[in-house]
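The values are calculated or read from the model by the stated rules, or taken from the named source; none is laboratory data. Treat the numbers as computed from the prediction; the structure is a model and nothing was measured. Here Cβ is always computed from backbone atoms with ideal geometry, including for glycine, and neighbour counts include all displayed protein chains.
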Amino acid sequence: MNLILFGPPAAGKGTQAARLVRERGMVQLSTGDMLRAAIASGSELGQKCQAIMARGELIADDIVIALIEDKLKAAEDAGGAIFDGFPRTVAQAEALDAMLAALGEKIDAVVRLKVDDTALLERVSKRYAEQGRPDDNPESFKVRLEAYNRNTAPLLPYYAEQGKLTEIDGMGTIEAVATALDAALA
Ligand code: AMP
């Protein structure tokens, strides 16, 4: 099974993805995590992306598509992927469909976590205080939310037209969101 967890930054996608990995043996493919690992390793890719990410802007489509392509076959062989933070543009969504089709696979479900902006700001300022992620600072977070609304929200109709989109309330506790997510996948 291939699932896209969809929602604005700090909506709780990573937390839910980690749980599905534990419980279902799926593989989490988070382009944000891959990019942070590249930055931490000091690689050429990391150096190229560091400032762009810190500002909260999107990384170029070809870069993130290549990151996913690199890991996709292994994830499919393991039983399926949870895409977390990818795709973020229509071009990425189309590339993902093509890459999956080449492996005889497809996206089975897209679950959108709905969270309001005030709650997001509260979550992200808490995360910034706890973890100090550079792009969680208020200015960068505003840019990330804008990028989400401009580039990523248009993906919702793309998947809704294919009958794959389920929306769940992302405002509850982690357990409540988990229950709603499991019901959406049943
Ligand atoms: P995330 O951890 O998913 O919130 O991603 C953190 C940052 O990494 C984003 O604000 C972007 O700068 C970059 N990034 C992660 N995934 C993508 C993607 N699919 N397309 C473009 N940029 C991305």
When the residues of region 6-22 are filtered to those that are surrounded by fewer than 22 Cβ atoms within 10 Å (Cβ to Cβ) and among the charged types (D, E, K, R), which remaining residue is nearest to R127 (Cα to Cα)?
R19
Being touching a strand residue (DSSP E or B) at 6+ places or on another chain (Cβ under 6 Å) and either near the ligand (Cβ under 8 Å from one of its atoms) or at pLDDT 95 or above (or both) is the filter here, so list the residues in region 69-80 that pass it.
K71, A75
Regarding L120, is this residue surrounded by 13 or more Cβ atoms within 10 Å (Cβ to Cβ) and either assigned to a helix (DSSP H, G or I) or modelled with pLDDT under 95 (or both)?
yes
Quick one: how many residues across region 123-150 are polar (S, T, N, Q) and either under 20 Å from F86 (Cβ atoms) or not in a helix (DSSP H, G or I) (or both)?
3
Of everything in region 41-60, what is in contact with a helix residue (DSSP H, G or I) (Cβ under 7 Å, 6 or more places away or on another chain) and either more than 9 Å from the ligand (Cβ to nearest atom) or acidic (D, E) (or both)? Give them in sequence order.
L45, G46, Q50, E57
Flag if L185 is among the hydrophobic types (A, V, I, L, M, F, W, C) and within 13 Å of A11 (Cα to Cα)
no
Failed item in (1) free of Cβ contacts under 8 Å to residues at least 40 places away in the same chain; (2) more than 27 Å from S43 (Cα to Cα), with G79 passing the rest:
(1)
